[in-house]
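Participant: Encoded as C-alpha cells, here's the structure I'll be asking about.
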Amino acid sequence: MARFELKLPKMGESVAEATITNWLKQVGDKIEADEAVLEIATDKVDSEVPSEVSGVLVEQLFGKDDLVQVGQTIAIIETDSTTVTETVREVEAPVAVAAIEKTVDPEASGAKEAVAVPTDFSPDYSGSEKFLSPLVKNIAKEEGVSVAELESISGTGKEGRVTKNDILEYLKDRTSQPVVSAPVAAVQKTVSAPVAQKAAPVSVSGGDEIIEMDRMRKLIAGYMVASVQTSAHVQSFIEVDVTNIVKWREKNKIAFEKREGEKLTYTPIFMEAVAKALKDFPGMNISVDGDFIIKKKNINLGMAASLPNGNLIVPVIKNADQLNLVGMAKAVNDLGGRAKAGKLKPDDTQGGTYTVTNVGTFGSVFGTPIINQPQVGILALGAIRKMPAVIETPEGDFIGIRQKMFLSHSYDHRVVDGALGGSFVKRVAEYLEAFDIDRDF
C-alpha cells in the first residue's frame, strides 16, 4: 500500500489560501480518481478539491473552517501502489490514457495495452483560467492536449470543472480544429477582513427569529466595516442626460442580439465610458498600501452582480479599456450570468482596479457606495428616469422631456481630493452625454 498526499491545488495566480467549508469524504471512505473529497472557499468563490488517485481516505489533516495555504497537504489517501492510477501523481512517469481506461474498467473487452508516449510535450497548464486537477493535467500532457484545447472543453464538474471523464470523452472525439484561448490578465490578491465570532443572541420575547449570517454575508459584513474604517469616504454627485443612449439602445438592441447573440443592456455602455475616463484620470486607477500609492498598469473594472442566494459579488472585467462595445457586452453578460448561476471562478473576482455598481436596478435614484478595498473609488449608477428639463436652442430655451440619471462617486479622500474625484465623474458624464446616436456597434 502507498500513501498519497492530497494538497490544496493552485486556484489562480492571486489565490494563496482557502477555507475548508465541508468534507465530502470521511476517514475510511473509498475515493475514485478525480472524485471530490472536500469543499473549500476563497474570499469570494466556493470550489471542490478532487482526488488525484483512487484509494481510501485515512487521514484529514485539517478540520472544517480551517484556513489552508496553497500547496499544503490536507489529507492522506491510501492507495494500492500496483494500480495505474497511483502513477498519475509521478510527473516523471506519466501513463497513457489507454492504461487509465483499462484501470477504470478492467472487465472491458478489447482493452489495449499501455504504450509509452514521448514526454517532451510540456505545456504550462498553470496559466489556464479553468481549475484543472493534477489527474486531468497528466492525461492532457500524455495525450498532447494544449492549454487552448483544455479551455475549450465544457466541464461537467462543479463550477464547470473539467473532470477525468470529460477529457477522456473529448479525446474520443478529438479533432484537429485549432482553438483560441483567452488571454490571462495580471491579477492582485484581495485583502480579506476577519469577522469576529460571538455567541448567538437570545430572543427576549421569544417571538423573534434569529438567523445566523451565511459565510458570504459574514465576509461582506467584514469587508464593509473594514473599508469604512480604512478609507476616508467622500462623495460627488452629478446628473447626466442619457437621452441619446436610451434612443440608440432602443433602435439597435434587436439587431445587436441577432448579430452578436448577446443582449444589449445599458451596463456595457456605462462601463465603456468609465474605462475611457480612467485612462484620462489615471489617479483614480490606483490602490493604497500603507504610505505607498500603487499606480495600476491595467484598467480592470469590477461590476457588482447578484449571487443565487441574493448576496452581491464583484467579478472583474480585465483590461476593460481594450474592449469595444461588443466585447464589453459579452464580458458583462458572461460574468453576470455565471455569477447568478454560482459558477464564477476564484480569479474572476481578483485584480479589480475600480468598481461600478448599478443601484438603479433596484429603483434607487442615487446611492453612496462603500469602496471595494484596496481600490480608491466606486461609481454608483442611478435609475434612468424621464424628467422635465430646460433645453437650450438658438431660438431660445424651452422645457422638454429628457432621460436622466445620477452618477454617485465615492472616493478615498486620503489620496483623492475633491478636484480629482469630481473631475473624474464629470468626465464620465461628458462621455455619456456626447454618445453618438448614429454610431455602429
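Laboratory data are not the source of any read-out in this text; all were calculated from the coordinates shown. A quick note: this is a predicted structure, and the numbers were derived from the prediction, not measured. Ideal geometry is used to build each Cβ from the backbone, glycine not excepted, and the neighbour counts take in all protein chains shown.
Participant: What FRET efficiency do you get for Asp208 and Gln26 if R0 is 56 Å and r is their Cβ-Cβ distance, rounded to the nearest 0.05? Each step should come with its number before you reach the end.
Facilitator: Working: r = 36 Å, r/R0 = 0.65.
Using R0 = 56 Å, I get an efficiency of 0.95.
Participant: Can you tell me which of 245-252, 325-332, 400-407, 297-304 comes out highest on packing, and rank the rest after it, using the mean Cβ neighbours within 10 Å?
Facilitator: Result, highest mean Cβ count within 10 Å first: 297-304, 325-332, 400-407, 245-252.
Participant: Below 13 angstrom from the Cβ of Leu8, what's the summed charge of the other residues (Lys, Arg +1; Asp, Glu -1)?
Facilitator: Surrounding charge for Leu8 is -4.
Participant: For each pair in Lys141/Lys340; Lys10/Lys296; Lys10/Lys64; Lys164/Lys297; Lys318/Lys340, compute the distance between the two Cα atoms and list the pairs where it is over 28 Å.
Facilitator: Lys141/Lys340; Lys164/Lys297
Participant: Show me, for region 138-155, the HN-Hα J-couplings you get by feeding each phi into the Karplus relation (A = 6.51, B = -1.76, C = 1.60, θ = phi - 60°), rounded to Hz, glycine and proline as x.
Facilitator: 5, 5, 4, 5, 5, 9, x, 7, 7, 4, 4, 5, 4, 4, 7, 6, 7, x
Participant: Determine ³J(HN,Hα), in whole Hz, for all residues of region 206-222 in sequence, where each value follows from phi through the Karplus function 6.51 cos²θ - 1.76 cosθ + 1.60 and θ = phi - 60°; x replaces Gly and Pro.
Facilitator: x, x, 7, 8, 10, 10, 6, 4, 6, 4, 5, 5, 5, 5, 4, 4, x
Participant: Still on this structure, please answer the following. What is the distance, in nm, between label points placed 7 Å from the Cα along the Cα-to-Cβ direction at Leu312 and at Asn252?
Facilitator: Output for this residue pair reads 2.8 nm.
Participant: Taking +1 at the Cβ of each Lys and Arg and -1 at the Cβ of each Asp and Glu, which of Thr243, Met216, Ser227 sits farthest along the dipole of region 209-249 towards its positive end, judged by Cα position relative to the Cα centre?
Facilitator: The residue sitting most towards the positive pole is Thr243.
Participant: If r is the Cβ-Cβ distance from Phe398 to Asp65 and R0 is 51 Å, what FRET efficiency results, to the nearest 0.05?
Facilitator: That pair, Phe398 with Asp65, gives E of 0.20.
Participant: When the chain is fully extended, how far beyond the present Cα-Cα distance does Lys10 get from Phe237, taking 0.36 nm per residue of separation?
Facilitator: Length gained between Lys10 and Phe237: 77.5 nm.
Participant: Sticking with this structure for a sec: Give the long-range amide H neighbours of Glu59: residues separated by 5 or more places, or on another chain, with amide H under 5 Å away, using H modelled in the peptide plane at 1.01 Å from N.
Facilitator: Amide H to amide H, under 5 Å and 5 or more residues apart or across chains, Glu59 pairs with Ile76.
Participant: Taking the C-alpha atoms of region 215-433, how large are the radius of gyration and the largest Cα-Cα span, Dmax, in Å?
Facilitator: Considering region 215-433 through its Cα atoms, Rg and Dmax are 17.7, 61 Å.
Participant: Still on this structure, please answer the following. Non-local amide H neighbours of Leu38 (under 5 Å, H modeled in plane, Pro and chain starts lacking H): which ones?
Facilitator: Those lying under 5 Å, H to H, from Leu38 are Leu24, Val49.
Participant: Just round it to a whole percent: the fraction of Cα-Cα distances in region 223-342 exceeding 17 Å.
Facilitator: Values: 4771 of 7140 pairs.
Of the Cα pairs, 67 percent sit more than 17 Å apart.
Participant: If you take the beta carbon distance between Gln322 and Arg439 as r and set R0 to 22 Å, what does 1/(1 + (r/R0)^6) give as a FRET efficiency, to the nearest 0.05?
Facilitator: 0.75
Participant: Which far-off residues, 5 or more places away or on another chain, put their amide H under 5 Å from the one on Phe4, with H placed in the peptide plane?
Facilitator: For Phe4, whose amide H was placed from the backbone, the distant partners under 5 Å are Ile77, Glu78, Thr79.
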